[in-house]
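Engineer: The structure is given below, and queries will be raised subsequently.
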Amino acid sequence: MTPETKVVDSAVTDQRKADHIRINLEEDVTFDKLTTGLEKYFFMHRALPELDLNQIDTQTELFGRRLKTPLLISSMTGGTERANSINQTLAEAAQEAGMAIGLGSQRAAIEDDKLAESYRIRPFAPDVPIFANVGAAQLNLGYGVAHMQKAVDMCEADALFLHLNPLQEAVQPEGDRNWAGLLNKIETLCAELPVPVIAKEVGWGISFDVAQQLLNAGIQAIDVAGSGGTSWSQVEMYRAENWRDRRIAATFRDWGIPTAHSLRYCRLASADIPLFASGGIKNGIEVAKCVALGANLVGLAGEFLKVAVQGGVGATVELADAITEELKIAMFCAGAADIQALSKTELHTEF
């Protein structure tokens with residue numbers, strides 16, 4: 001660890017992560033007026049689909065692993081005692097349902113091995129893609145390839161989420177505010193880390209220009225994580241300890257690029273790079289719309305978290321199966337026999 005590395009106070013980090021879990025489960029942390037933008041799109045209904053619903057194929061492949069469904073359990077938590085059981089539940093459900101899973105930020109566990117256990121989920125999900133997760137801002141605080149490799153090794157990940165959360169950091173009193181000069185460091189990381197690096201926002205979207213910058217730096221996939229779902233500025237509002245900080249965080253409740261727009265911008269930036277759509281996705285119809293707009297995977301976070309905590313593995317798998325069945329029916333009624341056909345299916349915005 002280099003001298004300028006900002007050392008994590010594990011007790012403070014543990015409390016922050018515990019707060020995040022509690023607030024997401026108990027408080028209204030959604031956007032107020034801003035939506036995902038997906039409601040503006042619709043499929044042309046096929047009254048005569050000429051397909052057998054039982055033969056609709058939702059399988060897909062990513063990073064050499066075959067998935068039963070294009071679903072992703074989006075990054076949420078880790079590093080606390082409560083997170084141990086949550087991540088194990090989510091991992092077992094991901095394995096059974098055949099979907100990918102992303103972990104919460106691993107920064108604290110990189111610096112304190114005692115916190116690593118909640119991220120060691122490969123034994124519970126041996127066959128599906130697992131994504132490690134570290135904040136991009138850490139590259140300005142002494143982190144290098146070795147730190148990122150430690151995160152990958154910790155969970156035997158297929159790729160690394162490098163999360164971009166400048167707004168969340170800006171409204172946290174303890175947040176990391178120096179985001180200058182990161183692009184060159186991202187380029188070095190992409191060139192030297194032996195697994196793919198995926199740029200991931202956390203709920204405010206990625207623009208066309210930023211997508212191009214990331215692609216030029218060597219990023220190998222993008223999770224757009226647009227607005228319309230969980231507002232992390234609102235989460236931080238509930239964590240704030242004084243009126244000033246609550247006001248500042250609450251001001252940004254409706255900030256960001258809607259998921260549908262961010263997905264379109266990123267697909268315009270590259271016709272080929274894998275894209276993940278997350279941010280406010282609620283059901284299989286919206287999953288289908290995201291695939292039609294260019295997504296390879298579609299992530300949900302909050303709903304999986306609540307079901308995992310309340311109902312365990314069985315309920316989490318049941319939710320994934322229900323969303324996948326909704327996706328199948330949407331594909332059937334849109335005339336798409338498989339995910340590749342769905343990706344080429346036209347969406348409409350006006351009559």
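The values are calculated or read from the model by the stated rules, or taken from the named source; none is laboratory data. As the structure is a prediction and not an experimental result, all values here were calculated from the model. Please note: Cβ atoms are built from the backbone with ideal geometry, for glycine as well, and neighbour counts cover all protein chains shown.
Engineer: Sort out which residues of segment 337-351 are in contact (Cβ under 8 Å) with a residue 12 or more places away in the chain and either crowded, with 17+ Cβ neighbours inside 10 Å or outside any loop (DSSP other than H, G, I, E, B) (or both), and write them in order of number.
Structural biologist: Hits for segment 337-351 are Asp338, Ile339, Leu342, Ser343, Thr345, Leu347, His348.
Engineer: Now a separate question. Give just the number: which of (1) surrounded by 22 or more Cβ atoms within 10 Å (Cβ to Cβ); (2) out of contact with any Gly (no Cβ under 8 Å at 6 or more places or on another chain); (3) more than 21 Å from Leu162 (Cα to Cα) does Pro70 not satisfy?
Structural biologist: If we test Pro70 against (1) surrounded by 22 or more Cβ atoms within 10 Å (Cβ to Cβ); (2) out of contact with any Gly (no Cβ under 8 Å at 6 or more places or on another chain); (3) more than 21 Å from Leu162 (Cα to Cα), just (3) comes out false.
Engineer: Let me ask something else about it. What residue, among those in segment 208-223 that are part of a helix (DSSP H, G or I) and touching a strand residue (DSSP E or B) at 6+ places or on another chain (Cβ under 9 Å), is nearest to Ala277 (Cα to Cα)?
Structural biologist: For segment 208-223, the residue satisfying everything is Ala211.
Engineer: Could you check segment 163-196 and list, in sequence order, the residues that are free of Cβ contacts under 8 Å to residues at least 40 places away in the same chain and either crowded, with 17+ Cβ neighbours inside 10 Å or assigned to a helix (DSSP H, G or I) (or both)?
Structural biologist: Of everything in segment 163-196, those that are free of Cβ contacts under 8 Å to residues at least 40 places away in the same chain and either crowded, with 17+ Cβ neighbours inside 10 Å or assigned to a helix (DSSP H, G or I) (or both) turn out to be Pro166, Glu169, Ala170, Leu183, Asn184, Glu187, Cys190, Ala191.
Engineer: Any residue that is modelled with pLDDT of 95 or more and either part of a helix (DSSP H, G or I) or more than 19 Å from the chain's Cα centre (by Cα) (or both) - is there at least one of those in segment 22-38?
Structural biologist: yes
Engineer: Does at least one position in segment 67-79 carry a residue that is touching a residue at least 40 places away in the same chain (Cβ under 8 Å) and over 30 Å from Ala292 (Cα atoms)?
Structural biologist: Yes, the conditions are met somewhere in segment 67-79.
Engineer: How about segment 40-58: which of its residues are more than 23 Å from Thr259 (Cα to Cα) and either modelled with pLDDT under 95 or in contact with a strand residue (DSSP E or B) (Cβ under 8 Å, 6 or more places away or on another chain) (or both)?
Structural biologist: Within segment 40-58, Ile56, Asp57 meet the criteria.
Engineer: Only residues that are over 25 Å from Glu201 (Cβ atoms) and assigned to a loop (DSSP other than H, G, I, E, B): list them for segment 106-155, please.
Structural biologist: Asp112, Ala116, Arg120, Pro126, Asp127
Engineer: Inside segment 208-251, can you point out the residues that are surrounded by fewer than 16 Cβ atoms within 10 Å (Cβ to Cβ) and hydroxyl-bearing (Ser, Thr, Tyr)?
Structural biologist: Thr251
Engineer: Pick from Arg107, Arg122: which is of a type in the set (D, E, K, R) and touching an Asp or Glu at 6+ places or on another chain (Cβ under 8 Å)?
Structural biologist: On inspection, the qualifying residue turns out to be Arg122.
Engineer: Same structure, new question: Scan segment 130-147 and report the pairs whose first residue is at pLDDT 95 or above and whose second residue is assigned to a strand (DSSP E or B) and among the aromatic types (Phe, Trp, Tyr), with Cβ atoms within less than 7 Å and a gap of 6+ or a chain change.
Structural biologist: Phe131/Phe161; Ala132/Phe161; Asn133/Phe161
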